[in-house]
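Got a structure for you, written out below as structure tokens; questions coming shortly.
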Amino acid sequence: MFELKWLWQNLEGNRTRYVIALCLSVVGSSLTIVNPYLSQRIVDTFIAGDQAVQNLATGRGLLVALCLGMIGFSLLRTGLAYFTTMQYEISSQNMMYNIRIYLYNKIQGQDREYYDRNRTGDLMTKMTGDLDMVRHSMAWIFKTIIESLTIFLAAVIYFLTIDVKLTLWMLILSPPIFIVAFIFAKRVRPMYIDLRERLSQLNTTTQENISGNRVVKAFAREEFEIAKFTEKNVNYATANKKAALVWLDYFPYLESFAQGFNVVLMLAGGYFVMEGRITFGEFTAFSSLIWAVSNPMRNIGIIINDIQRFFASLAKIVDIYYARPSIANDHNPVEPRRYEGRIEFDHVRFKYDSATVLDDVSFTIEPGETIAIMGATGSGKTSLINLIPRFYDVSGGRVLVDGRDVRELELDELRSNIGMATQDVLLFSDTIDGNIAYGDPDLPEEDAKAYAALAAAHDFIVKMPEGYDTVVGERGVGLSGGQKQRIALARALAVQRPILILDDTTSAVDLETEEHIQRSLRELEYPCTKIIIAQRVSTTAQADRILILEGGRLIEEGTHAELLAKRGYYYDVFMLQNEGIGRQVTESGQE
Ligand SMILES: Nc1ncnc2c1ncn2[C@@H]1O[C@H](COP(=O)(O)OP(=O)(O)O)[C@@H](O)[C@H]1O
Ligand SMILES: [Mg+2]
């Protein structure tokens, strides 16, 4: 089986330990027949045999030895079980530790499309619940299977050495038990796959709900969210109950069959004792070992249950393991070069799934130029800039950086040449200083302050209770939208990359602050090509050139003056934004 092979590969480094554990399980379980054997000897020699009375008088020593042997073997067996269980635990924990690291790296290495497709809650379920189920199986379920099988076989072999006919009578119940168990397994398998899916839905709902709690509160939709959660919760609970109830359907049969062993032993065994075919001690041995045959049969349902869950979880993990991102780091250990920052779009087409988002977009940006991109929401601005660091690949045409197709460039190198402030600002729960230095952990605190000042963030940061050491909450809780944007800008400036991309980064700051930021950007001390997405003419007016996007097409391109003269989209936006000012001017002129 492919998944098991995968598991075995990942056991590397712990295989010996795991195999030793399996072997010890076999040895330990085989020892279970020792005590029944000893009691058989005691019964036949000292209790029920023909010479029992004489033996009791002469062979006290043997009796004591046999009794001590029984206690000694029990101690040995439990000691061995202790040691064996430890080996299972250690090897399975080590294996999971390795898999967890690998999976985490794998998830980190996925491209943006993967994150578009996969729900966070689902990934979290895989990384926690599923991994744990697999570990539990390695440590407990496989152990139980091996031990049940060994005990069963040892008991049957022991029985055969005593009496073949009685053993066959005993085993007569096995086939029906196997059939019942098989039917049960077939019925319960899809249920566990379903159960696994519902758990993931429950986790996704919970996760979205917690991270989106501000929106929930803003719209006073707590009731709705609770109802949504309750629905998922009920679904999960129902699926769980359903799976448990199926087990209950079969439980009476399995249990009755297991009890049947006792009945067969009483009837057939009793008859054989009376016939003198077996001794009373041998009957005792059968009787004290009958659990070794009936218990595995009884447990078969539970084991099947767990194995189904194990495979459902394992399949999910293997999924992550073999997911191949189409845009991936090669991790060649090349020293990243510093680019000049020349960017060219050559008849670029782009679509996410079906609808075309960018259509035949061509333009060139020379190193050091400042380009502004403007366009209605949904016109494709963010999608366009996402193509430069290769968050997505073009559907047609080419994106070139320094004259080379980005698909030919080393991904790490390409991205380490770009400083970016994304549209939806995400700060980590860390200090403000830590957030600004995120791209360059060695950044001296002085520099962090300098870049914060350039981003017009220094003034409000020093007013905070602990200044740069203030810890901002998850996703920057405790800061205003404009404050977050300015910290994100400082973070993008601090890495001093030759290409700087700002996606609507000043949309939430006031005009005065924006003015300050504009000046900073013009006076940056390192050479840098800047692409600035903005809605305000006050921002775009300063750029060397302005690109206007509409419905994924480049409809206007030129300087502020050129585009105004053109009297197209840009002119309209300009007039709209300056209407107020224009009227004020006219009104004051009339006075
Ligand atoms: N991850 C995505 N998957 C599918 N469609 C997307 C995705 N991101 C954006 N889009 C679509 O692409 C179009 C352009 O979006 P976007 O580039 O974000 O526009 P803008 O930044 O100009 O507002 C929109 O129609 C949007 O619905
Ligand atoms: Mg956008």
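Between the range 286-341 and the range 195-214, how many Å separate their Cα centres?
22 Å
Translational D (Stokes-Einstein, µm²/s) of the range 482-557 at 4 °C and 1.567 mPa s when Rh comes from the Kirkwood sum over C-alpha pairs? Show your work: numbers first, answer last.
Working: Rh = 13.2 Å.
Translational D for this selection: 98 µm²/s.
At a Förster distance of 60 Å, what's the computed FRET efficiency of residue 218 paired with residue 182, Cβ-Cβ distance as r, to 0.05?
Working from the Cβ atoms, E equals 0.65.
What pairs from 381/566; 186/241; 217/316 go past 24 Å between their alpha carbons? List each step's numbers first, then the result.
Values: 381/566 22 Å; 186/241 17 Å; 217/316 34 Å.
Correct reply: 217/316.
Starting from the Kirkwood radius over alpha-carbon pairs of the range 46-160, derive D by Stokes-Einstein at 10 °C in a medium of 1.306 mPa s and give it in µm² s⁻¹.
On the way: Rh = 19.2 Å.
In µm²/s, the coefficient rounds to 83.
Compute the projected area of the convex hull of the Cα atoms of the range 12-102, averaged over all viewing directions, and report it in nm² to one decimal place. Intermediate results must be reported in sequence, preceding the final value.
Details: hull surface 26.2 nm².
Result: a mean projected hull area of 6.5 nm².
Between rounded, prolate and oblate, where does the range 138-199 land on the alpha carbon gyration tensor, with a ≥ b ≥ c its root eigenvalues, rounded for a/c under 1.5, else prolate if a/b exceeds b/c? Numbers along the way, then the final one.
On the way: a/c = 7.88, a/b = 1.98, b/c = 3.97.
Here the range 138-199 falls in the oblate category.
So for the chain: antiparallel DSSP bridges make up what percent, rounded to the nearest 5? Present the calculation step by step, with values, prior to reporting the outcome.
Numbers: 19 of 37 bridges.
Counting only bridges with both partners in the chain, antiparallel ones make up about 50 percent.
Moving on to the next point. Give me the distance in nm between label points sitting 7 Å out from Cα along the Cα-to-Cβ direction at residue 228 and residue 523, one decimal.
4.7 nm
If you don't mind, there's one more thing I want to ask. Determine one quarter of the surface area of the Cα convex hull of the range 304-400, which equals its mean projected area, and express it in nm² to one decimal.
That works out to 10.4 nm², a quarter of the Cα hull's surface.
On a C-alpha basis, how far is the centre of the range 61-112 from the centre of the range 470-518 in Å? Whole number, if you could?
The range 61-112 and the range 470-518 have Cα centres spaced 53 Å from each other.
Using the Cα centre as the reference, give the magnitude of the dipole from point charges on the C-beta atoms of the range 56-155 (Lys, Arg: +1; Asp, Glu: -1; all else neutral), rounded to the nearest 20 debye. Before the final figure, lay out the partial values.
Details: 10 positive and 8 negative charges, 51 e Å.
Taking the Cα centre of the range 56-155 as origin, the dipole is about 240 debye.
Once fully extended, how much extra length lies between residue 326 and residue 571, figured as 0.36 nm per residue of separation less the alpha-carbon to alpha-carbon distance?
On the way: separation 245, 0.36 × 245 = 88.20 nm, distance 4.12 nm.
Answer, rounded to one decimal: 84.1 nm.
Right, something else. Starting from the Kirkwood radius over alpha-carbon pairs of the chain, derive D by Stokes-Einstein at 37 °C in a medium of 0.692 mPa s and give it in µm² s⁻¹.
In µm²/s, the coefficient is 107.
What ranking do 156-164, 381-389 get when scored by the average of other Cβ atoms within 10 Å per residue, highest first? List each step's numbers first, then the result.
Values: 156-164: 15.7, 381-389: 21.3.
Result, highest mean first: 381-389, 156-164.
Continuing with the same structure: Near residue 226, within a Cβ-to-Cβ distance under 14 Å, what is the net charge of the other residues, with Lys and Arg +1 and Asp and Glu -1?
Numbers: positive: 217, 221, 228, 232; negative: 208, 222, 223, 225, 231.
Spelling it out: positives minus negatives among the neighbours equals -1.
Enter the Cα centre distance for the pair the range 390-408 and the range 168-185, rounded to the nearest angstrom.
Going from one Cα centre to the other spans 63 Å.
Only Lys, Arg, Asp and Glu count, each charged at its Cβ (+1, +1, -1, -1), so figure out the dipole size of the chain about its Cα centre, rounded to 20 debye. Kindly include the intermediate steps, with their values, before the conclusion.
Working: 59 positive and 72 negative charges, 618 e Å.
Dipole of the chain, to the nearest 20 debye: 2960 debye.
HN-Hα J couplings of the range 409-420 from phi, Karplus 6.51/-1.76/1.60, θ = phi - 60°, integer Hz, Gly and Pro as x?
With coefficients 6.51, -1.76 and 1.60, one gets 7, 5, 4, 4, 5, 4, 5, 7, 9, 10, x, 9 Hz.
Values in this text are rule-based calculations from the coordinates and carry no lab data. Just so it is clear, the model here is predicted, and its values are computed rather than measured. Cβ coordinates were reconstructed from backbone atoms using ideal geometry, including for glycine residues, and neighbour counts include every protein chain displayed.
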